[in-house]
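Structure record follows, encoded as structure tokens.
Read-outs throughout are calculated quantities, based only on the coordinates presented, and are distinct from any laboratory measurement. From a predicted model like this one, the values you see are computed outputs, not experimental measurements. Because the Cβ atoms are built from the backbone with ideal geometry, glycine has one as well, and the counts that use them run over all protein chains shown.
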């Protein structure tokens, strides 16, 4: 593999890496004195990476080396992460104190770099490092985000639980290595995929243990119940703009890793795993929504809402690409569509919280939001669009996302063994929509119906408003014209469909090792 | 051929909303006037569409079902952009038939009145208020024009948002509770409908369902297939229940009606007018457009159950209305009671009676809308709606008295006014539903249902007249310091207020005296789209052996449609029977006039609908939905 090929294939990642290092350096120079120079430079880096990604077009999947595999999925995740990344920087424009801005922007870029690498990883070790690259900057970002003791507390809490989840993840990966004899996720040779893990629908016990631990470790990253406990505290502690990032970036990385994990066995999930994910999804969305009903703090409420959204996305993950192509049949395409939409709407909701302050600092409780609509109709409108989108209400992109997931859930023929449970899960998701309306409406009602004697202080400046405007406009545009994103999402799953078919053509290498283990341990 | 007319009508209020935000802050006066102007423009367009519709409308129910003034464009799923998802055909697709065109015009007609009536009553956040009213109009017009099930659902659901804000911001003291209850109640019903829509989408595609090989949610296609018996009975049951969950809450039917009185009492006048006048019709319209045509078996089986709920609602809410002291709440309960009649009429499954139900929707929209306007006028002057605090207003307000009595009489069904037409047809239909006097198969209801419903009518007259008597006649009773004329009102109705009510009153009278133009278009639409009786008669043959079948096949000009074996009984239905009825008698065939449902096992439609006849085409225009005459 010539080095030049490697460099061109990884050009977006390299731009991010060089940009992040450059920003770290610039942060220490006198240029940092200019208020908006560093975030502007950060946006330029992201735009450059995005332009390179789009100009290079969709990769043909033939590049696979050094634990990386540049596939159509990589392409999709790259441009989604970079686009939302630009919005994240816009929203975080004025955030940290002056001296720390260089580090702050650089860390955001590094975290995004982690997401990009997760999407190209084809080696469990690279995947592990990439996910840690996503997480570690976020620990620091939380602490930097505001001068509040709660931010430090949140940072430490997130770090410890994150470290624990990393340990669980690494432990599970070691078992997967034990089962397959290789750290490769899938064998790729000339664009042909063959599986490294058994795909018989019955994992050997070693592989099963590994699978469960990896699932648990990644469930931390996507904040699925019962691994969600950190989310509300962390979201409450961090400054609102960075919370908008926390809800999206680790979740995207986590779900991409989960997709890779499931694709590694050709989506031929053992029935135990299916039921496990089923329960995980049902409990995650129900618990998230029900507990959110009880909250008065807006950020905690949105934290639980983001947990509930993890539940919806787990439904899509469980459906998988088995039933066909396109987001109306393919759960993975629906998931990829949903997570992109979710990133923007979630960021928009937090951006609105960041755009106003009260005497005691950020908007905290619902009462703090009272009367925003009379004071700033445009901001309130953007908030309403984002919140209705989170609720999955027309005419917003959240509705389309939910539509894709539910239709995909119905797309198993009635004689399929797991068709009935998926039907029930879809009904659970639908009931959850009603529950979620209970608290999303409270947010909108506070802004529109509530009255406040004192006006809130506008904070954040015009980049924040622009970020918010783009988020909410994107929700409307993607409702009217969902085909573009949906088409991209469905093309992104081409690689996964290949691995599903690889599971059936069975070109297995080293897989008998895991089964042999079973034979030896069984009486 | 496509015409942009309906799309222009649906989205013209949206353009109005954008324009409303142009004038600078503080120009409330010009905002009010321009909002009224935009809604009048929409009404003008709707009337234009009405004339255009009558220009091309079918004059009898022969021929294929037709929706007119269609317009469509690809929305979800596009052959070019997503090569691999070309099997999705969910469109933005609008079109109208004889039923929906009138409901659309009713919406466009009531909206300017509602906007005009709030000129004095809404003083705060004027721009937002009128924007929301216009947004609400977009949703309502969209529901009546949608020809795609998903589009229908989207507009249906979207109407919640503006009304939520209208009640929540400009409502009475308990507005927050009322708005939340309204939103959550209706949402909890309609999410099941959402699931059902998506299930239908999948069902149309899958091999275990309709096996079309592509996802379609076209209402007309699905109805055709359903009537040809391609949707299995058990699936119909579940889908009917899921859709009914959405529609019943919207109507509202008896046990789930509790959100309505609260929403009505708290809503501002214009909100109430639109809520009673149009929004509740979304439920009955949904039954009529979706449940009846798409799930004929389930409808037939469940009709007695739905009718019982409707009757329970009629009696219960009539009694509840009787004891109300809040005039607005009284009218709100009467609304629930009246819509029970509407449901009864629909589920009698007889063509003229379904027409009665549809005209009942229009009538109820007019008279109850007007009643809410009048109550709004009283409230603006006296700041109370308590029946115990006001009385004898006839002495002071002759104009108001005239209109209140007029619309009360219209509402309780005085012959000569509009209410009577619908009420009569509905009761007649309910009573004679299970007969075959009209040469159609027996419907599910009968006298047992008509008698309690008739009692409901008597109760309706009692409480409405009692309310009139207390409010209008007897000694004058006013709360202190009233009437409040500080906002430029006079003691009796002002010219503006009278001008708002006059067109409604004229329409009430006109429909009462000469309802035929409406009923005629309803008949065609009902036959073609709701009950889907074939244009020519269907014949069924019982106990016909192979020999007989052969004979039937040979018998010219009859065309054998299909035959199946059910419990060893051969049932054959044949179509396009020529003028020579003797041939059938010679064969010993008993003619049975087919009616709803025509899809009892083994009995098939004439002009047989097969999967291939509604198979996917490049453009929707090439099959049964073709709007032939508008070219």
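Note on residue A:149 and residue B:435: the model spin-label points, each 7 Å out from Cα along the C-beta direction, lie 8.5 nm apart. Each of the peptides A:90-101, B:467-478, A:307-318 was scored by the mean count of other Cβ atoms within 10 Å over its residues; in descending order, highest first, they stand as A:307-318, A:90-101, B:467-478.
Using a 10 Å cut-off on Cβ atoms, rank the peptides A:116-129, A:372-385 from the highest mean neighbour count down. Walk me through the numbers on the way to the answer.
Working: A:116-129: 23.6, A:372-385: 20.8.
Result, highest mean Cβ count within 10 Å first: A:116-129, A:372-385.
Modelled label positions at residue B:47 and residue B:499, each set 7 Å beyond Cα in the direction of Cβ, lie 1.5 nm from each other.
Out of every Cα pair in chain A, what percent are spaced more than 46 Å from each other? Provide the component values of the computation, followed by the final result.
Working: 11490 of 136503 pairs.
When all Cα pairs of chain A are counted, 8 percent exceed 46 Å.
Once the Cβ-Cβ distance of residue B:520 and residue B:323 is raised to the sixth power relative to R0 = 45 Å, the FRET efficiency obtained is 0.60. Sorted fewest first by neighbouring Cβ atoms within 10 angstrom, B:105, B:40 come out as B:40, B:105.
For the segment B:399-408, counting C-beta atoms of other chains within 10 Å of every residue's C-beta and taking the mean gives 0.
Based on the mean of other beta carbon atoms within 10 Å per residue, what is the order of A:223-236, B:7-20, A:18-31, most packed first? Could you put the intermediate results ahead of the total?
Numbers: A:223-236: 22.9, B:7-20: 19.6, A:18-31: 15.9.
Ranked by mean Cβ neighbours within 10 Å, highest first: A:223-236, B:7-20, A:18-31.
The eigenvalues of the Cα gyration tensor, multiplied by 5 and square-rooted, give the range A:87-135 an equivalent ellipsoid with semi-axes of 27, 10, 6 Å from largest to smallest. Taking the inverse of the mean reciprocal distance over all distinct Cα pairs, the Kirkwood hydrodynamic radius of the range B:233-295 comes to 12.5 Å. The percentage of C-alpha pairs in the range B:5-530 whose separation is greater than 38 Å is 23%.
Whole angstrom only: what separates the Cα centroid of the range A:17-56 from the Cα centroid of the range A:361-437? Using only Cα atoms to place each centre, the spacing works out to 34 Å.
Diagonalise the Cα gyration tensor of the range A:269-492 and give the resulting equivalent ellipsoid semi-axes, square root of 5 times each eigenvalue, largest first, whole Å. Don't jump to the answer; show the numbers that get you there.
Values: eigenvalues 233, 70, 29 Å².
They are 34, 19, 12 Å, listed from largest to smallest.
Look at the stretch B:123-134: the mean tally of other chain Cβ atoms within 10 Å of its residues' Cβ atoms is 1. The angle separating the long axis of helix A:72-91 from the principal Cα axis of greatest extent in chain A is about 10 degrees.
Modelled this way, with points 7 Å down the Cα-to-C-beta line, the labels at residue A:11 and residue B:481 are 7.6 nm from one another.
The slack in the chain from residue B:174 to residue B:402, taken as 0.36 nm per residue of separation less the alpha-carbon distance, amounts to 78.9 nm. Between the beta carbons of residue B:491 and residue B:8, assuming R0 = 45 Å, the FRET efficiency works out to 0.55 to the nearest 0.05.
A straight line joining the Cα centroids of the range A:254-305 and the range B:248-267 runs 36 Å.
Of all beta bridges DSSP finds with both residues in the range B:5-530, what is the antiparallel percent, to the nearest 5? List each step's numbers first, then the result.
Details: 10 of 13 bridges.
So the antiparallel bridges in the range B:5-530 amount to around 75 percent.
According to the Cα-based calculation, Rg over Rh for the protein assembly as shown is 1.01, with Rh computed by the Kirkwood formula. With the convex hull drawn over the C-alpha atoms of the range A:234-370, the volume per residue is 102 Å³.
Counting neighbouring Cβ atoms within 10 Å and putting the fewest first, the residues B:329, A:451, A:260 line up as A:451, B:329, A:260.
Within 10 Å of the Cβ of each residue in A:379-392, the mean number of Cβ atoms contributed by other protein chains is 1.
Note the angle between two axes, namely the Cα long axis of helix A:512-521 and the longest principal axis of the Cα atoms of chain A, as a number of degrees from 0 to 90, rounded to the nearest 10. Roughly 80 degrees between the two axes. Against the longest alpha carbon principal axis of chain A, how many degrees, from 0 to 90 and to the nearest 10, is the axis of helix A:149-180 turned? Helix A:149-180 sits roughly 10 degrees off the main axis of chain A.
Which FRET efficiency value, to the nearest 0.05, is calculated for residue A:453 and residue B:506 with the Förster distance at 56 angstrom and r the Cβ-Cβ distance? Spell out each step's value before the answer.
Working: r = 49 Å, r/R0 = 0.87.
Here the calculated transfer efficiency is 0.70.
Measuring between their Cα centroids, the range B:1-58 and the range B:331-379 lie 26 Å from each other. Only helical runs count toward this figure. For the protein assembly as shown, summing -39,500 (n - 2.57) over DSSP H runs of n ≥ 4 and dividing by all residues gives -21000 deg cm²/dmol at 222 nm.
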